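Input: a single structure, listed below in structure tokens.
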């Protein structure tokens, strides 16, 4: 079993102040495969002190120097990308194809996109043509605490660490204790790339201990958190006393509106497959499918068939199957919500409670489709974070928009229609940070984030760098 009990602080691997071990569980077989340490407030203090000391030097590096480091980081990451995919697969259950082509690849893609954004970022400029004497300067905010989740570990590490360093900040990273191995490997890659001591630090731990200590720490200037809305509110509350900036990327219950004038077969099959991808463990998963009533029955049949054809398998094997849920806690949550859907009267047309046939261990769930869901049911209101699709009929465009927006979340939305003007009209009325039309993918460097309880701020591209900058106005420059 792997022993990875040290933290990366001030350019060195160091043991925790107080030993406290945790087994990392492989969700495919429910067996421990690694041991890490859970940190304490004392470990956070050490990491923050290192980051604070390093800030004076790193914040004054030139754009070119930071680009040079990030380019080196990209090359070192490429050398370890296969190891990264294996680590992600083992820790959170992503099948190797997904772990390689999406999970590990996402980290690399974000690094490259941030380098492009950094090259073109304007850090200083006059206010406007009429006021050249007023100069606007963007400066790094300081020491940043970063808390990342288990569902897309390298995607989120890259979306936080890289723009923070690009902006000139120093960081303390706390990855999820459920999936820490990829971040420990990332720390090795950072070290190999030659990150200056104290610029990047990693402390493992749980939210109530290390996350709380980071959020409350007076020498951390900013907290960037990705995870559940419940945990995000805890970060905000803990950070309030020190009035630090908080950015949050939280939950979602994203609607996928399917109009009758779309290609129903493609639209529905694609939407269901997107819902099941990563075993449904994506904050922007299109987990509510709203279908125009005239094609609703056809859509239900297509979605059910898609679920039945969705293969579930061992994540260590290659293929297009989905793997297990990430943990016992997540498995029990998904099972409870499937049971809730049945009790509330939704029509189960595919899947259901329990493990798929052939599995008696591992946190595997059945790809599940509920039809005739009303938007006040728990399966329509709560983020299930599993391979569970809720299908809701609608009669008019206005009703579809009303149902889509009737949610505490506002991360992403999806619209399928053959009418270009309708696509544009509806997308403008959806209260979400992102809208994807007719299956179009998101471009690298596009802002990721949402409205309402889906979070604060945006990650990716120039917006991701801006999150880590303060704005200074200097009068009398000319």
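Where a number appears in this text, it was derived from the coordinates with a stated rule and is not lab data. From a predicted model like this one, the values you see are computed outputs, not experimental measurements. Ideal geometry is used to build each Cβ from the backbone, glycine not excepted, and the neighbour counts take in all protein chains shown.
Annotations for the structure displayed:
- The calculated P(r) of the range 291-355, using every Cα pair and 10 Å bins from 0, goes 18, 38, 35, 10, 0 in percent.
- Note on residue 72 and residue 18: their simple-model spin labels are 3.7 nm apart, each label 7 Å out from Cα toward Cβ.
- Values of log10 I(q)/I(0), in the order q = 0.12, 0.15, 0.26, 0.27 Å⁻¹, for the range 96-173 under a Debye, Cα-only, solvent-free model: -0.47, -0.64, -1.16, -1.19
- C-alpha long axis of helix 181-192 to longest principal axis of the chain, angle in °: 30
- Which of 414, 296, 409, 138 has the fewest Cβ neighbours within 10 Å, and the rest in rising order: 138, 296, 409, 414
- Counting other Cβ atoms within 10 Å as a rough exposure proxy, the listed residues 276, 69, 33 run 33, 69, 276 from fewest neighbours to most.
- Between the helical axis of 229-240 and the longest alpha-carbon principal axis of the chain there is an angle of about 30 degrees.
- The range 353-464 - Debye-derived log10 I(q)/I(0), Cα point model, q = 0.14, 0.19, 0.21, 0.22 Å⁻¹: -0.73, -1.13, -1.25, -1.29
- For the range 33-80, the square roots of the Cα gyration tensor eigenvalues, ordered a ≥ b ≥ c, give a/c of at least 1.5 with a/b no greater than b/c, which places it in the oblate category.
- Radius of gyration and maximum dimension Dmax of the range 233-275, Cα, Å: 19.0, 53
- Packing-based order for 173-185, 310-322, using average beta carbon neighbours within 10 Å, highest first: 173-185, 310-322
- For the range 255-442: relative contact order, % (alpha-carbon pairs under 8 angstrom, 6 or more apart): 27
- Each residue of the range 12-108 gets 124 Å³ once the volume of the Cα convex hull is shared out per residue.
- Among beta bridges from DSSP that stay inside the range 255-442, the antiparallel ones total about 15%.
- Span per principal axis, largest first, for the Cα atoms of the range 54-112 (Å): 42, 19, 16
- Annotation: peptides 418-428, 361-371, ranked by per-residue average of other Cβ atoms within 10 Å with the highest first, follow the order 361-371, 418-428.
- Look at where the Cα atoms of the range 294-318 and of the range 144-210 average out, and the two centres are 35 Å apart.
- Here is the tail figure for the chain: Cα pairs spaced more than 32 Å apart come to 41 percent of all pairs.
- Debye intensity ratio I(q)/I(0), log10, the range 255-442, q values 0.09 Å⁻¹ (C-alpha model): -0.29
- Relative to the 2.2 N^0.38 Å rule of thumb, the range 75-141 has a C-alpha radius of gyration ratio of 1.80.
- Using alpha-carbon coordinates, inclination of helix 296-309 to the longest axis of the chain, degrees: 70
- In terms of its alpha-carbon gyration tensor, the range 170-257 comes out oblate; a/c meets the 1.5 threshold, while b/c is at least as large as a/b.
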